[in-house]
Amino acid sequence: MVSLTTLKRLAGEHGTPLFVVDHAELRRNYAMFKKHLPRVQAYYAVKANSNPEIVRTLFKAGASFDVASLPELRTVCENIKNLPAKKRQQWIWDKIIYANPIKANETLAELDHYNPLVTYDNAEEIRKIKKFAPNAGLALRLKVANTGAMVELSSKFGAAPGEAVDLILAADKVGLTVEGLSFHVGSQTTNFENYVQAINLAANIFKEAKERGYKKMNVLDIGGGFPAPYDDSVKPFAELAYTINRELDRLFPKDIQILAEPGRFMVATAGIGVSRIIGKAVRDGKLCYYIDDGVYHTFSGVIFDHCHYHLKAFKKGPTQICSVFGPTCDALDVVSMAEQLPANLALGDLLYSENIGAYSHASSTYFNGFPPAEIVHINR
Ligand SMILES: *Cc1c(COP(=O)(O)O)cnc(C)c1O
């Protein structure tokens, strides 16, 4: 954790709101992922936080990347340098997967120049890929249980288990190659059974595909969902990794390449928000603090990510339950209705929020004329 002295100094130098990225923590998270899942290559899901400096640090640490739009693809290509001299197709598959199952025709046409690895989950997409990106390799995205995940994804994406092999054979029939399978168990998955079920389902689809004559699959992409330690209820990553390794080793031979797409896990704990109190009022007997960052900005995860962030004060004092509101004129701009904060905080005092690196600054807006928080990088 970055020291409070450092946060205070940075807020003094740069003003607020501030979004501090701790690159040492990014490296620690990547190292922890690799240590506990040695068989799995991590493709950092850029949508969690697409800041180019984050991409650079994770690339240097050894990460590959999951992109889901052309701008994300460009961000990665511009920030990963000094690649080993390999054929284009090899490095792009080693370093980038385009993991959005639905792609516009124009996007596919542009992607085709890279001979990319892309996901798909329906028959219409096969026709589009065949026509606009015939040089792509395919991974079929499966629909899997998202039980207990903080953010559910299975209602929007994924082929049902019963249609999976038909979709593999349909792609094969038009001359495309299905390299393997992918899934996503839902973001911030604390129910580790989701991974067990999904890996077992994937193993069954591999088997069924083989039985029906399709033998070219050699990639399993176990997606994202790895939980950030937001509170003590999240069991240690080592425990999840143990479960995943056990299932992978039991069900997938060593020559099957295993990928994952961790987003939140890599960046959540590497981001700290620093904001300033700009207003104070008592409404219906409750103390309300107004700060210069809110849900249209760094706290966007309160709305989009179903995530609750705690605010802490630098100053000590007797606390009470307070409301904390963002700076815009919209009543939706509520950071928290129940934060335990000192009652004696004054205008100009600073607050900070830890573990706010994922799905936060990434969806900041300019609503009401307030720009996103300035980003400061430390320990690069
Ligand atoms: C969002 C997303 C991820 C990252 O998910 P996390 O829960 O942040 O790890 C990975 N893969 C795909 C396809 C996604 O849409």
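Conditions (1) surrounded by fewer than 14 Cβ atoms within 10 Å (Cβ to Cβ); (2) touching a Phe, Trp or Tyr at 6+ places or on another chain (Cβ under 7 Å); (3) small (Gly, Ala, Ser), marked per residue:
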| residue | (1), (2), (3) |
| --- | --- |
| GLN320 | yes, no, no |
| THR328 | no, yes, no |
| VAL335 | no, yes, no |
| LEU345 | no, yes, no |
| SER353 | no, yes, yes |
| GLY369 | yes, no, yes |
| PRO372 | no, no, no |
Item to check | Verdict on ARG9 being modelled with pLDDT of 95 or more, outside the structural domain of SER275 (by TED's automatic domain parsing) and away from the ligand (no atom under 13 Å from the Cβ) | outcome: no
Item to check | Any hit, the range 144-158, residues being in contact (Cβ under 8 Å) with a residue 60 or more places away in the chain, within 18 Å of the chain's Cα centre (by Cα) and closer than 19 Å to ALA99 by Cα | outcome: yes
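Just name the residue that is nearest to the chain's Cα centre (by Cα) out of those in the range 344-364 that are of a type in the set (Ser, Thr, Tyr) and over 9 Å from THR298 (Cα atoms).
From the range 344-364, those of a type in the set (Ser, Thr, Tyr) are 352-353, 359-360, 363-364; that's our starting set.
Of the ones still in play, those that are also over 9 Å from THR298 (Cα atoms) are 352-353.
Values: TYR352: 22, SER353: 19 Å.
This residue is SER353.
For ARG56, are the conditions met, namely being closer than 30 Å to ILE258 by Cβ, in the same structural domain as TYR98 (by TED's automatic domain parsing) and surrounded by fewer than 16 Cβ atoms within 10 Å (Cβ to Cβ)?
On the way: closer than 30 Å to ILE258 by Cβ: yes; in the same structural domain as TYR98 (by TED's automatic domain parsing): yes; surrounded by fewer than 16 Cβ atoms within 10 Å (Cβ to Cβ): no.
Considered against the rule, which asks whether it is closer than 30 Å to ILE258 by Cβ, in the same structural domain as TYR98 (by TED's automatic domain parsing) and surrounded by fewer than 16 Cβ atoms within 10 Å (Cβ to Cβ), ARG56 comes out as no.
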Checklist outcome for this item: Scanning the range 157-199 for residues that are crowded, with 22+ Cβ neighbours inside 10 Å and of a type in the set (Phe, Trp, Tyr), the one nearest to the ligand (Cβ to nearest atom) turns out to be PHE183
Checklist entry - Has the range 200-212 got at least one residue that is part of a loop (DSSP other than H, G, I, E, B), away from the ligand (no atom under 12 Å from the Cβ) and farther than 27 Å from ASP94 by Cβ? => result yes
Checklist entry - Can you name every residue in the range 268-302 that is among the β-branched types (Val, Ile, Thr), surrounded by 15 or more Cβ atoms within 10 Å (Cβ to Cβ) and out of contact with any Pro (no Cβ under 8 Å at 6 or more places or on another chain)? => result ILE272, ILE277, VAL295, VAL302
Checklist outcome for this item: Per the filter on the range 225-273, residues away from the ligand (no atom under 16 Å from the Cβ), part of a loop (DSSP other than H, G, I, E, B) and farther than 18 Å from VAL185 by Cα are ASP231, ASP232, SER233, PHE252, PRO253, LYS254, ASP255, ILE256
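Looking at the structure I just gave you, is ASN115 in the same structural domain as LEU181 (by TED's automatic domain parsing), touching a helix residue (DSSP H, G or I) at 6+ places or on another chain (Cβ under 8 Å), surrounded by fewer than 19 Cβ atoms within 10 Å (Cβ to Cβ) and modelled with pLDDT under 95?
Values: in the same structural domain as LEU181 (by TED's automatic domain parsing): yes; touching a helix residue (DSSP H, G or I) at 6+ places or on another chain (Cβ under 8 Å): yes; surrounded by fewer than 19 Cβ atoms within 10 Å (Cβ to Cβ): yes; modelled with pLDDT under 95: yes.
Considered against the rule, which asks whether it is in the same structural domain as LEU181 (by TED's automatic domain parsing), touching a helix residue (DSSP H, G or I) at 6+ places or on another chain (Cβ under 8 Å), surrounded by fewer than 19 Cβ atoms within 10 Å (Cβ to Cβ) and modelled with pLDDT under 95, ASN115 comes out as yes.
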Next on the checklist: Please determine whether any residue of the range 163-180 is modelled with pLDDT of 95 or more and closer than 30 Å to CYS307 by Cα.
Outcome noted: no
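Just to be sure before I move on: is HIS306 touching a Pro at 6+ places or on another chain (Cβ under 7 Å) and either within 16 Å of the ligand (Cβ to nearest atom) or of a type in the set (Ser, Thr, Tyr) (or both) in the structure I sent? So that I can check it myself, show each step before the final result.
Working: touching a Pro at 6+ places or on another chain (Cβ under 7 Å): no; either within 16 Å of the ligand (Cβ to nearest atom) or of a type in the set (Ser, Thr, Tyr) (or both): yes.
For HIS306, the condition - touching a Pro at 6+ places or on another chain (Cβ under 7 Å) and either within 16 Å of the ligand (Cβ to nearest atom) or of a type in the set (Ser, Thr, Tyr) (or both) - is not met.
The values are calculated or read from the model by the stated rules, or taken from the named source; none is laboratory data. Since this is a predicted model, take the numbers as computed values, not measurements. Note that each Cβ is placed from the backbone with ideal geometry, even for glycine, and that neighbours are counted across all protein chains shown.
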